Amino acid sequence: MSDFNLPKLYIISPPIVDLLIFPNQLSEILESNEISCFRLSLASKDEDEIIEIADTLRELLHARDIPLIIESHYKLVKKIGLDGVHLTDGARSVKYVRKELGADYIIGSYCSTSKHNGLLAAENGADYISFGPLEDDGLGNNQSVPKEVFEWWSEIIEVPVVVEGNLKASGLREISKFTDFIAFGEELWGSKNPNESLKKLQESFIQP
């Protein structure tokens, strides 16, 4: 990615979505930002609940031509009219899910910190690869992805790359030079005003 091209915004839902509150929060973000993709990433395993939430958000997103993808639950993609799936097991299931969904649906693959898994997932048919977290959470649970992984990927690999997880203003300006998308999720939803939080985070990587 050229230093002059800003990464696109990719939004990840909170794990619990309150349909009395969240659609309004999301609408505010959509009205004031150019969002390229939205991922439904729910903690719930209740299919009826997931479908109800997906149906509600799909109307908001598709009205603005923003794809709605779901995390892990690829069997729901065709069933409820979603645009694709975000897989979380690296390269393991990409080839199988591509065969199940066909060529017309988006398949993303989260590969944590593994460049090797990213390459395999891309070869197996993923439309984008995501790496993360950008910074360690300080609790000993994560290893951060070195900036060099994104720099190498952007120079060598054509498949788009996404950064996600523990994104902080201090690291975003540099990483924005080497990633196609920045995926914000938990960085937004813990605040009183998610849209303002997104604006502040964008200020940290928008080039002067």
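I'd like the residue in the stretch 73-104 that is within 20 Å of PRO133 (Cα to Cα) and surrounded by fewer than 18 Cβ atoms within 10 Å (Cβ to Cβ) and, out of all such residues, is nearest to the chain's Cα centre (by Cα).
Checked the stretch 73-104; the qualifying residue nearest to the chain's Cα centre (by Cα) is THR88.
Determine whether LYS177 is in contact (Cβ under 8 Å) with a residue 40 or more places away in the chain, over 30 Å from VAL77 (Cα atoms) and of a type outside the set (A, V, I, L, M, F, W, C).
Yes; evaluated as a whole, the condition is true for this residue.
State all residues of the stretch 147-173 that are aromatic (Phe, Trp, Tyr) and over 18 Å from the mean Cα position of the chain (by Cα); if no residue qualifies, say none.
Residue satisfying the conditions is TRP152 alone.
Please go through (1) β-branched (Val, Ile, Thr); (2) farther than 24 Å from LEU26 by Cα; (3) in contact with a Pro (Cβ under 6 Å, 6 or more places away or on another chain) for THR179 and return the number of the only condition it doesn't satisfy.
Condition (2) is where THR179 drops out.
Taking the stretch 16-48 as the search range and keeping residues that are among the aliphatic types (A, V, I, L, M) and in contact with an Asp or Glu (Cβ under 8 Å, 6 or more places away or on another chain), which one is surrounded by the most Cβ atoms within 10 Å (Cβ to Cβ)?
LEU40
Would you please name the residue that is farthest from PRO160 (Cα to Cα), looking only at residues in the stretch 173-207 that are among the hydroxyl-bearing types (Ser, Thr, Tyr) and in contact with a Leu (Cβ under 7 Å, 6 or more places away or on another chain)?
Ranking the qualifying residues of the stretch 173-207, first place goes to SER197.
So which of ILE53, ILE66 ends up being more than 21 Å from ILE182 (Cβ to Cβ), at pLDDT 95 or above and surrounded by 14 or more Cβ atoms within 10 Å (Cβ to Cβ)?
ILE53 is the lone residue from the list that is more than 21 Å from ILE182 (Cβ to Cβ), at pLDDT 95 or above and surrounded by 14 or more Cβ atoms within 10 Å (Cβ to Cβ).
Among the listed residues ILE51, ILE12, ILE69, identify the single one that is over 23 Å from SER191 (Cα atoms) and in contact with an Asp or Glu (Cβ under 9 Å, 6 or more places away or on another chain).
ILE69
The values are calculated or read from the model by the stated rules, or taken from the named source; none is laboratory data. Keep in mind that what you see is a predicted model, and the values were worked out from it rather than measured. Because the Cβ atoms are built from the backbone with ideal geometry, glycine has one as well, and the counts that use them run over all protein chains shown.
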